[in-house]
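Asker: One structure, pasted below without further comment.
The values are calculated or read from the model by the stated rules, or taken from the named source; none is laboratory data. As the structure is a computational prediction, the values presented were derived from the model and not from experiment. Note that we place each Cβ from the backbone using ideal geometry, even for glycine, and neighbour counts take in every protein chain shown. Accessible surface areas use protein heavy atoms only, side chains included; no ligands, DNA or RNA. Shrake-Rupley method; radii C 1.70, N 1.55, O 1.52, S 1.80 Å.
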Amino acid sequence: MRKKIIIIGLLLVGVITMVGCQKKQVENNETANTQDIILETKDHTEEETESEIEQLIESRPLKDIYKNYFYVGVALNPTTIGKRYQNVTLSNFDSVTCENEMKPDYILDYNKSIAEVMRDSDYVAVNFDKCKDTVEFCESNELKMRLHTLVWHAQTPEWFFHEDYDVNKDLVDAKTMEKRMQNYISAVITYFDTEHPTLIYSIDVVNEAFNGEGKYKIKDKENRWYDTIGYDYLYYAFLYAKQAIENSTNMKDVTLVYNDYAMLYKYDTVTKGLEGIFQEHDADVHQFVDVIGLQAHLDTDTSMKSFA
């Protein structure tokens, strides 16, 4: 069979995420010895799959090499948290991000929300059943989690933005949507603060906002947050997240992240946009946004010098 060599450097695209939160920043150019972290795999048949998975356990995992500097994470879903991949995950990583199960589509509870919305137009119900298995897997194996994501134009249910949570009715006004956002963010953070107090170390508060033609290049098409609140929905998201963190008992050290892709090419747009939006609200962005997440879809053609 044809063989292929995979060399893991700092990122294995689509699998590894490294988050520099709450661990000491790298102060030198220490890098992994690639001789220690070379994987050789081959095109596999069904019979060979199990042994090949076991070969993905490194002799010097990145989580150990960089344990004094940052977490090394992996994206998991309910299928990949199973026993089949458990040894690979536990040997190589110390942080987990849910692939989908912590996104608004999975957490916002339509049935409970609509049952109460006629009494309170701002009422928001949440449900964490979809991420329960992954959360339990992480806690039982002492893995940390990065919460992805609170506010995003995608994978957020359409009903959330309409009067009475009815998609046949008009979109709500800005003040109602701001209050719904606040209640939703507060409910999510309160849940983890009380039920899983040591699990979450970082939260992607807003995801992929600077991808359009609105003011500051905020995404202005197919974005209900923009349609209801406006381009500064990003400000309100961080405001409410910060308030919820400050009101928490156990999560005061959690880092709040703005996350986006293609940051290699638009870092200027993002940084100036963040500064401008917060300045309009007489706020210092550095008091709200702790981290800019580089959603790094890297490949062999990417300039590491430019990325650094």
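Residues are listed down the side, and each one gets a yes or a no for (1) surrounded by fewer than 17 Cβ atoms within 10 Å (Cβ to Cβ); (2) farther than 19 Å from MET177 by Cα; (3) of a type outside the set (Asp, Glu):
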site	(1), (2), (3)
ILE57	yes, yes, yes
LYS67	yes, yes, yes
VAL72	no, yes, yes
ASN77	yes, yes, yes
GLN86	yes, yes, yes
SER91	yes, yes, yes
MET102	no, yes, yes
TYR123	no, no, yes
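Asker: When the residues of region 220-248 are narrowed to those that are in a loop (DSSP other than H, G, I, E, B) and farther than 23 Å from GLN287 by Cα, which ends up most open to solvent (accessible area, probe 1.4 Å)?
Answerer: Restricting to residues being in a loop (DSSP other than H, G, I, E, B) and farther than 23 Å from GLN287 by Cα, the top hit is GLU222.
Asker: Select from region 249-280 the residues that are open to solvent by 30 Å² or more (accessible area, probe 1.4 Å) and among the polar types (S, T, N, Q) and list them in ascending order.
Answerer: Within region 249-280, THR249, ASN250, THR269, THR271, GLN279 meet the criteria.
Asker: Residues TYR184, TYR216, TYR226: which one is modelled with pLDDT of 95 or more and either in contact with a strand residue (DSSP E or B) (Cβ under 6 Å, 6 or more places away or on another chain) or under 28 Å from VAL135 (Cα atoms) (or both)?
Answerer: Residue meeting the stated conditions: TYR184.
Asker: Now a separate question. If I filter region 165-211 down to residues being hydroxyl-bearing (Ser, Thr, Tyr), closer than 30 Å to VAL96 by Cβ and part of a helix (DSSP H, G or I), which single residue comes out as farthest from the chain's Cα centre (by Cα)?
Answerer: If we take residues in region 165-211 being hydroxyl-bearing (Ser, Thr, Tyr), closer than 30 Å to VAL96 by Cβ and part of a helix (DSSP H, G or I), then THR194 is farthest from the chain's Cα centre (by Cα).
Asker: Further question on the same structure: Scan region 129-155 residue by residue and report those that are part of a loop (DSSP other than H, G, I, E, B) and open to solvent by less than 20 Å² (accessible area, probe 1.4 Å).
Answerer: Hit for region 129-155 is LEU143, nothing else.
Asker: Let me ask something else. Within region 285-308, count every residue that is open to solvent by less than 80 Å² (accessible area, probe 1.4 Å), of a type outside the set (Phe, Trp, Tyr) and closer than 17 Å to VAL206 by Cα.
Answerer: Residues meeting the conditions: 7.
Asker: Is at least one residue of region 212-219 touching a Lys or Arg at 6+ places or on another chain (Cβ under 9 Å), open to solvent by 50 Å² or more (accessible area, probe 1.4 Å) and not in a helix (DSSP H, G or I)?
Answerer: Scanning region 212-219 turns up at least one residue that is touching a Lys or Arg at 6+ places or on another chain (Cβ under 9 Å), open to solvent by 50 Å² or more (accessible area, probe 1.4 Å) and not in a helix (DSSP H, G or I).
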